[in-house]
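Everything below concerns the one structure shown next.
The values are calculated or read from the model by the stated rules, or taken from the named source; none is laboratory data. What you are looking at is a predicted structure, and each value in this text was computed from that prediction instead of being measured. Because the Cβ atoms are built from the backbone with ideal geometry, glycine has one as well, and the counts that use them run over all protein chains shown. Note: areas computed on protein heavy atoms with side chains; ligands, DNA, RNA excluded. Shrake-Rupley method; radii C 1.70, N 1.55, O 1.52, S 1.80 Å.
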Amino acid sequence: MRRVLVLVLLAVVLAGCGQAERPYTPAPVRSPSAKAAESADPAEKALPSGPQTIAIGEGLRVRVEWPADPDPLLKVMVDQYVGTRKAVVEGTRGYKRDLEINAEEQAAEWVNQFVDQERSLRGTSRLYKLRVSAQMGKGAQVNACVDESGVRMISSRTGKAVAPQPDWLRTPYSQSVVTHRGDDGVWRIRSYITSTERCTR
């Protein structure tokens, strides 16, 4: 909104330089439904269906295989995956966006290991079989399969692949999170939990 206001003011200043003054035209009145859509929880907005490739950071991408008509809660899972990997690539300690205390501690521990050991990630991963496995009231569990066989752990100093590569990069694994909707209407991850779901390529 601030950027739009700046552009409007700039246009007004430029218009005053040598151009005829234009008559005032009132802005269109927005309907209540349009205003509500702008202030809605981001998780409630329409999501893509089918494959989507997201650039996470330098040399790292994730291919998200959204299901048809995806549940908005799936975005919470995707956002945390992209966010934690982005923190790793940028060498930022911790990650806390849309996480409650327990999950924040878990995410920070994982991210900080990369920073402390001067490690980063390069390549393309895949996030698939996204689904809400359970939901009751303000709580829900979201599952996903992660295939990082196309990713390599590298030294953040040299950019070269480290040896040996960790086992979790070789085999697809399941990731599950417990989410909770706060009084502000925002869904946040409460904790990461062990999933028994089988993930294959």
For this session: Give the residues of the range 150-186 that are open to solvent by less than 40 Å² (accessible area, probe 1.4 Å) and in contact with an Asp or Glu (Cβ under 7 Å, 6 or more places away or on another chain), sorted by residue number.
Result: S155, L169, P172, S174, G185, V186
Problem set entry | Residue in the range 77-91 that is assigned to a loop (DSSP other than H, G, I, E, B) and either within 14 Å of V177 (Cα to Cα) or free of Cβ contacts under 8 Å to residues at least 40 places away in the same chain (or both) present | no
Exercise. Name the residues in the range 45-76 that are among the basic types (K, R) and farther than 21 Å from T124 by Cβ, would you?
Worked result: K45
Exercise. Only one residue in R131, R190, R126, R122 is within 23 Å of L73 (Cβ to Cβ), touching a Leu at 6+ places or on another chain (Cβ under 8 Å), in contact (Cβ under 8 Å) with a residue 40 or more places away in the chain and not hydrophobic (A, V, I, L, M, F, W, C). Which one?
Worked result: R131
For this session: Within the range 29-46, identify whether any single residue is surrounded by 18 or more Cβ atoms within 10 Å (Cβ to Cβ), over 18 Å from V151 (Cβ atoms) and at pLDDT below 95, and answer yes or no.
Result: yes
Problem set entry | Count - residues of the range 112-149 that are open to solvent by 40 Å² or more (accessible area, probe 1.4 Å) and touching a Ser or Thr at 6+ places or on another chain (Cβ under 7 Å) | 3
Exercise. Out of the range 125-157, which residues are in a loop (DSSP other than H, G, I, E, B) and farther than 20 Å from I56 by Cα?
Worked result: G137, K138
Problem set entry | Conditions (1) at negative phi; (2) assigned to a strand (DSSP E or B); (3) open to solvent by less than 40 Å² (accessible area, probe 1.4 Å): number failed by A103 | (2)
For this session: Restrict the check to the range 57-78 and report whether at least one residue is at pLDDT below 95, at positive phi and exposed (fewer than 12 other Cβ atoms within 10 Å of the Cβ).
Result: yes
